[in-house]
Amino acid sequence: MPRVVKKKMPMVALSGITVMPGMILHFDIDKEESIEAIEKAMLKGQQLFLVSQNDPGDTDITIDNVNPIGTISKIKQMMKLPGKVVRVLVEGLQRAELFDIDDTDGYFISTIKPCSKDESYRNINPEGLTDEEIEDKLSDVTELTAMVRMLRDMLSEYVKNNPKIGKTLEKHFAEAKDMSDLLDHIAINLPFTQFDRQRLLNAVNVRDRFTILSSILSREIEVARIRQDLSSSIRAKVEKNQKEYVLREQMRFIKKELGEDSSISDADRFKEEVEKLKATDEVKEKIKKEISRFEQVPDNSSESSVQRIYIETLLEMPWDKVSKDNKNIDRAEKVLDEDHYGLKKVKERVLEYLSVRSLTEKGDAPIICLVGPPGTGKTSIAKSVARALNKKYVRISLGGVRDEAEIRGHRRTYVGAMPGRIANGLKQGGVKNPLMLLDEIDKVSSDYKGDTSSALLEVLDNEQNDKFRDHYVEIPLDLSEVLFIATANDIGNIPGPLRDRMEIIEVTSYTENEKFHIAKEHLIKKQLKANGLKASQLKFDDEALELLIRHYTKEAGVRGLERRIGEVCRKSARMILQDGKKKVTLTKNNLVDFLGIEKYHYDPANEKDEVGIVRGLAWTQVGGDTLQIEVNVMPGKGDILLTGQLGDVMKESAQAGLSFIRSIAKDYGISADFFKKNDFHIHIPQGSVPKDGPSAGITMATAVFSAITKKKVRADLAMTGEITLRGRVLPIGGLKEKTLAAKNAGVKTVLVPIKNRPDIEEIDKEITDGLEIVFVETMEEVLERAIV
């Protein structure tokens, strides 16, 4: 066998193409270095080394990013095209192994070593051999024959699904004298991927190439079989649907001829319902157009189902259907008082609306927003208002809603589209003038799908909502007669434009007396019924009920109170069943047996006046509370230490208060260097509870003044108010809860900013009785009242 030596040859790296020996193809190139390589090859025997890139996206050609085996090819034709493009026709000659690439001359020169041909499997046809040659090569011929037969079987199976390819391959089988050439011809003529062709090109050994080709053919045969099965299944399904359609049409025709066609089509039923529909001509015309479109759609198509659902939705909408409202104001007031104790402002506003509606016969429906702590009856009063006005009640929960389509609906182009919650609420109510409760309106949020609050602007605007357009319904909906009541816990979370469209009514915390009446008149009856007890079987003493409210609940509303009453009812039910008791009475003596030890205690007012300790008033989500603010003065460098988990606003209030005290120090005989030689520690107990807000400003300033001057502060006094740098006292909020907390703590006098006088006048006498409310305007007045 002659020794194969390395040689140098112009090279072109191809992207997405593998050239096999014996393959004739053309390709276009536009890279300057590739065109230069072809021109050089034309001058040197027209031979060119073609190799494929590992990654077609690579622009930098190195030996690492091209395949190690390529093909020595002969250029058959070269043609220049417009745009500096060259079309080349080549014929693959021989495999070669790539060793090096050099591009110093402006084009790629490869160092290659031609792969010697595997001569083990020549003379495929054993009929051409003599007996002696057959005996010498018996084992090779036997293996060769097995390989040929195996290839024939696999290819005959393959060409069952590709009959055009079979004729070409039969010709190659008859003419081929070499297994290596036959394998290459099969790879050239079958529609293999570039990856598979490169694998076959890399296989220099014939046995390896045969193994790879066999695995590729086996895979392709399996893919073809699966594809044929899927095609047959789909064809059978289509034929079945067509058959059913034809039979159905024939059955319909036969019944019609026999006069037995008593069934009515969906389209005819829709047309009948349109005629009965209470709606404007514009709405009816729109629905009729949709029915006409529905009739033209085939019954078995998906579009038919979508169109049917849309028409049914339009027919279920209460276009001009209204309910008759109650106009009897006395009856409405009676219903509201029966269902809820207190909530005077809400009841007054509803009765005002009813009065105006009775006089004008129309009147815009108010858009009310009830704001208050959890458990104060905001949601339940809405249901009571609906009962009082004889309106349909629809509740829409907005908590956590973040998609604008939840309000406006989805456009019908989307799969699974549906109306928004407002349109669905109207459909659920069945009339165009229900009471619609928008629960937890302060909990809506926004994301990339749209701003829910902005979508509510049109809904809650009396000037716009008579033409509210839902994306799904597409026909304007009249919301002007809907009585909207929204609820919220924190008005600060509602965007300004949305807040401006609603009439805000504050639902404040209940007093202990209000909770007592609510429990007696509503909660106890409700829980007795829920637990299967009669009023004669369980009795609550008034004193025990008052203790239960004071020491076992701490909340603004009455949810916790209802749970405690339910707990008493459950224990009583067990005692009646297990112990055989006829009647159970809850007293202050056995309250511990039912509910355990007391859970909450109010910090009572201090018994004696002290230095550096002042009682402040705070508002929380569960009502008011009192806070003892303590100040210590110690030798130091004038630093201020604030503890008790205080927020930024509260820290700034403390610094403003200290600055004011420093400004008036001279008037009270405090030396100028006192503040340089001492440190000040301000602490508010209950350090695990975060605290913030400006309302403790005058309290902290008073405590600092007391600690510096060593003068005592009245123990029976509490205060609230924001302080300025010049000592002015500014108004604050949450006065009802704060005043109630002061009364529960046994405080006698409460200092309140003078600008809060209107708020104090609105508080029930029940709370302010027994309290001396002192209005203050400056810090000097505060010190005059507080310091002993």
Assigning unit charges at the beta carbon (Lys, Arg +1; Asp, Glu -1) and nothing else, what dipole magnitude in debye, to the nearest 20, does the range 365-519 show about its Cα centre? 640 debye
Expressed as a whole percentage, what fraction of the accessible surface of the chain belongs to carbon and sulfur atoms when a 1.4 Å probe is rolled over the protein heavy atoms? 49 percent
Dipole magnitude of the range 188-302, debye to nearest 20 (Cβ charges: Lys/Arg +1, Asp/Glu -1, about Cα centre): 700 debye
Any residue on another chain or 5+ positions along whose placed amide H is under 5 Å from the amide H of THR724 is listed here as LEU730
Per the rule of 0.36 nm per residue minus the C-alpha distance, extending ILE234 to LYS113 adds in nm 38.3 nm
Identify, among SER110, ALA544, GLY557, the residue whose Cα sits farthest towards the positive end of the charge dipole of the chain, taking +1 on the Cβ of Lys and Arg and -1 on the Cβ of Asp and Glu, with the dipole about the Cα centre. ALA544
Gained length - LEU43 relative to GLU303, 0.36 nm times residue gap less alpha-carbon distance: 86.9 nm
What number comes out for accessible area per residue over the chain if the probe is 1.4 Å? Units Å², please. 53 Å²
Gap in Å between the Cα centre of the range 501-538 and the Cα centre of the range 588-627? 23 Å
Rounded to whole Hz and in sequence order, give me ³J(HN,Hα) for the range 33-44 from the Karplus expression 6.51 cos²θ - 1.76 cosθ + 1.60, θ = phi - 60°, writing x for Gly and Pro. 5, 6, 4, 4, 5, 5, 5, 5, 5, 4, 7, 10
Please work out the C-alpha center-to-center distance from the range 671-688 to the range 206-237 and express it in whole Å. 87 Å
Rank LEU315, VAL66, PRO604 by how far each Cα sits towards the positive end of the charge dipole of the chain (+1 on Lys, Arg Cβ; -1 on Asp, Glu Cβ) and give me just the farthest. PRO604
List, in order, the whole-Hz ³J(HN,Hα) value for each residue of the range 609-615 obtained from phi through the Karplus relation with A = 6.51, B = -1.76, C = 1.60 and θ = phi - 60°; use x for Gly and Pro. 5, 9, 8, x, 10, 10, 8
In nanometres, what is the gap between the two model label sites at ASP337 and LYS765, each 7 Å from Cα along Cα-to-Cβ? 1.8 nm
Sorted by chain and number, the residues with a modelled amide H under 5 Å from that of ALA486, at a separation of 5 or more or across chains, are ILE368, CYS369, LEU370, LEU438
Output ³J(HN,Hα) for the range 528-533: one whole-Hz value per residue in order, computed from phi by the Karplus curve 6.51 cos²θ - 1.76 cosθ + 1.60 with θ = phi - 60°, and x for Gly and Pro. 4, 5, 5, 9, x, 10
Out of the trypsin sites (Lys or Arg not before Pro) in the range 309-391, which ones are loop residues according to DSSP with at most 15 other C-beta atoms within 10 Å? LYS321, LYS324, LYS327, LYS362
Take every DSSP beta bridge whose two residues both sit in the chain, then give the antiparallel share in percent to the nearest 5. 60 percent
Debye equation applied to the C-alpha atoms of the range 196-318, log10 I(q)/I(0) at 0.11, 0.12, 0.21, 0.22 Å⁻¹: -0.63, -0.68, -1.15, -1.19
Computed magnitude of the charge dipole of the chain (debye, nearest 20; Cβ of K, R +1, Cβ of D, E -1): 2080 debye
Could you give the nm distance between label points at LYS321 and LYS76, where each point is 7 Å from its Cα heading toward the beta carbon? 7.9 nm
Straight-distance crosslink candidates among lysines, where the alpha carbon sits under 23 Å from LYS240 and sequence neighbours closer than 8 are dropped: LYS255
Once each part is reduced to its C-alpha centroid, what is the distance from the range 282-346 to the range 46-77 in angstrom? 72 Å
Given Cα positions, please report Rg to Rh for the range 590-649, the hydrodynamic radius being the Kirkwood one. 1.12
So, R0 is 45 Å and r is the distance between the beta-carbons of LYS529 and GLN645; what FRET efficiency does that work out to, to 0.05? 0.55
Normalise the Cα radius of gyration of the range 586-728 by 2.2 N^0.38 Å (N = residues in it) and let me know the number. 1.22
Ratio of Rg to Rh over the chain (Cα coordinates, Kirkwood Rh, two decimals): 1.24
With all protein chains present and a 1.4 Å probe, the order of GLU543, GLU781, GLU567 from largest accessible area down is GLU543, GLU781, GLU567
As an exercise, identify the GluC sites (Glu not before Pro) in the range 571-655 lying in DSSP coil whose Cβ has no more than 15 other Cβ atoms within 10 Å. GLU598, GLU607
Taking a quarter of the surface of the Cα convex hull of the range 653-788, what do you get in nm²? 8.4 nm²
Pop a pseudo-label 7 angstrom from the Cα along the beta-carbon direction at both ASP64 and VAL356 and give the gap in nm to one decimal. 8.0 nm
Restricting to DSSP loop positions (anything but H, G, I, E, B) with no more than 10 other Cβ atoms inside 10 Å of their own Cβ, which GluC sites (Glu not before Pro) remain in the range 386-480? GLU463
Could you state the principal axis extents of the C-alpha atoms in the range 1-116, from the largest down, to the nearest angstrom? 48, 28, 26
Given the C-alpha atoms of the range 470-556, compute the convex hull and give its volume per residue in Å³. 206 Å³
Kindly provide log₁₀ I(q)/I(0) values, in the same order as q = 0.13, 0.26 Å⁻¹, from the Debye equation applied to equal alpha-carbon scatterers of the range 384-472. -0.44, -1.43
Counting only residues 5 or more apart in sequence or on a different chain, those whose built amide H sits under 5 Å from that of LEU538 are VAL584
Anything over 23 Å Cα to Cα? Flag those among LYS7/LYS80; LYS383/LYS526; LYS691/LYS748; LYS324/LYS432, in the order listed. LYS7/LYS80; LYS691/LYS748
What is the mean projected area of the alpha carbon convex hull for the range 522-645, to one decimal in square nanometres? 11.0 nm²
Of LYS443/LYS743; LYS117/LYS160; LYS529/LYS583; LYS278/LYS392; LYS599/LYS712, which ones are farther than 22 Å apart at the Cα? LYS443/LYS743; LYS117/LYS160; LYS599/LYS712
Over all Cα pairs of the range 320-434, the Kirkwood radius sets Rh, and Rg/Rh then becomes 1.03
By how many degrees, between 0 and 90 and to the nearest 10, does the Cα long axis of helix 329-339 differ from the longest principal axis of the chain? 80 degrees
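The values are calculated or read from the model by the stated rules, or taken from the named source; none is laboratory data. Note that the coordinates shown come from a computational prediction; the quantities given were computed from them, not determined experimentally. Ideal geometry is used to build each Cβ from the backbone, glycine not excepted, and the neighbour counts take in all protein chains shown. Heavy atoms of the whole protein, side chains included, go into the accessibility calculation; ligands, DNA and RNA do not. Shrake-Rupley method; radii C 1.70, N 1.55, O 1.52, S 1.80 Å.
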